[in-house]
Structures are given as structure tokens and as C-alpha cells.
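All of the numbers you see were taken from the coordinates with simple rules; none came from a lab. Everything numeric in this text was worked out from a predicted model, so none of it was measured. Reconstructed Cβ throughout: ideal geometry from the backbone, glycine too, with neighbour counts over all protein chains shown.
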Amino acid sequence: MTALLLGALGLTLSLVVPGILAGARWPDRAPAAAVALWQSITLTGVLCALGVVLAGPQELVSELGSDRPVGAAALIFALVIAAVIIVRLLVSLVRVSIRSRARRSRHRLLVDLLDSAERHGELPAEVPAGLRVLDGPLPFAYCLPGRSPRVVLSDGALRVLDAEQVAAVIAHEQTHLRHRHDVVMESFTAFYRAVPRPLRSRAPLDAVHLLLEMVAD
């Protein structure tokens with residue numbers, strides 16, 4: 001019964017709850033709390049999967065009244081499956097982390113090479129040391145986290161924003177860097193990729209990305 005309850009809870013958290021929470025309106029008013037809730041749901045889903053794997057064989061052996069060797073074999077099998085789940089999650093997290101850091105390192109090199117230093121005089125007096133300005137008419141701004149973080153603005157953004165707005169944009173990106181929102185997104189991305197395709201939902205990934213933008217605001 002325990003395994004069935006855990007399985008039902010895990011499936012509900014994986015397939016039903018994400019859609020309901022993603023469509024709710026209250027997260028817009030409390031984005032930080034909503035991110036914490038998404039994290040709790042994700043962790044609970046993992047624990048439910050482990051609970052099903054560990055409790056299921058034991059309950060089956062007890063109901064069938066099998067002898068001790070069969071029970072021991074069932075326990076070993078359950079531990080192996082649980083270990084596979086944990087290793088799969090860890091491997092996914094390591095892969096996402098390594099790829100993200102390699103991609104950001106290449107990107108950081110490019111923005112350093114393409115930086116328009118002459119436009120820095122148009123920026124507010126207090127700007128981060130890692131700020132870079134790129135030529136181009138399209139207005140955009142983003143940050144590159146890591147040991148040597150960068151805040152990147154486009155020439156187009158400087159043309160359409162006044163000094164106060166530019167300062168607000170820079171503060172927004174610095175908030176992402178200061179609170180390490182990249183680590184939060186990496187953890188959700190790793191979990192999404194580790195879960196089997198029929199059981200996973202992209203709703204948490206998209207919702208948390210938007211909520212982190214609200215938190216930075």
C-alpha cells in the first residue's frame with residue numbers, strides 16, 4: 001500500500017501539479033515563494049520515486065510470503081534501482097553544469113573581444129567591472145555568471161533607455177548574478193533531462209525561468 005500511495009503521489013506531482021501551478025496567478029505576486037514551492041515539488045517527486053523502488057519489492061515479498069533469500073534478492077534489486085535513479089540525476093547535473101560553464105566561458109571570451117569600450121562613457125557612474133557593451137541596433141541585456149561574471153548590454157539598449165533605466169537593467173542582471181539564479185536553473189534543467197520522457201513536464205522549467213526574472217525585478 002505504501003508503494004502505491006507513493007507512486008500515485010509521484011505521478012500526481014510529475015504530471016498533474018505542474019500544469020495546475022503553472023496556470024495559477026498567485027506566483028506572480030510571490031515569485032520567490034513559488035520558486036521554493038517548485039523546488040519542493042521536484043524534490044518530493046524524486047523521494048517518491050525512491051520510495052516506490054525501495055518499498056515495492058518488500059511489500060510484494062511480504063504479501064507473497066516468500067522465504068528469506070527471495071526477500072534479500074528483492075532488497076538488493078531495489079537498492080540497485082534506487083542507486084541507478086540517484087546516479088542518473090547526478091550524471092545529468094554534472095553534464096548540465098559542465099556544458100553550461102564551457103558555453104559561458106566561450107561566450108565570455110567573445111563579449112570581451114567585441115566590447116565597445118568607447119560606449120562605456122554613456123553608462124551610469126557606478127557600473128560593475130565586468131560590464132560589456134556590444135554593437136547592434138537590437139536592444140537587449142543579459143548576464144554571464146561564473147567566477148568572472150559579465151553584464152552585457154547592446155548599443156541598441158543604450159539608445160532607447162535613459163540613464164535611470166540603464167541603471168535599473170544593470171541592477172536586474174546583478175541580482176541574477178548575486179543570487180546565483182543560474183544554479184537554480186541548472187538544477188531544474190538537470191532534473192528535466194534525467195526524468196524519462198513520458199513522466200516529465202517542461203512546465204517547471206519554463207515557470208521557474210519566468211519567476212526568477214520576477215525575483216530579479
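Data overview
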| read-out | value |
| --- | --- |
| Cα pair distances in the chain, grouped into 10 Å bins until the bin that holds the longest one, percent each | 7, 25, 25, 19, 12, 6, 3, 1 |
| Size of electric dipole in the chain: Cβ of Lys, Arg +1 and of Asp, Glu -1, about Cα centre, debye, nearest 20 | 740 |
| Fully extended contour minus Cα-Cα distance, from Ala30 to Arg101, at 0.36 nm per residue | 22.6 nm |
| Under DSSP loop assignment and at most 13 Cβ neighbours within 10 Å, longest trypsin sites (Lys or Arg not before Pro)-free interval of the chain | 30-146 |
| Residues with amide H under 5 Å from that of Arg132, placed H, sequence gap 5 or more | Val151, Val152, Leu153 |
| Mean residue ellipticity (222 nm) of the chain, computed from DSSP H runs ≥ 4 via -39,500 (n - 2.57), nearest 500 | -23000 deg cm²/dmol |
| Spin-label proximity, Met214 to the range 13-30 - amide N less than 13 Å from point 7 Å beyond Cα toward beta carbon | 21-30 |
| Dipole of the chain, positive direction: furthest Cα of Leu89, Phe77, Leu6, with charges on the beta-carbon | Phe77 |
| Sparsely packed GluC sites (Glu not before Pro) within the range 126-190, loop by DSSP, other Cβ within 10 Å at most 14 | Glu126 |
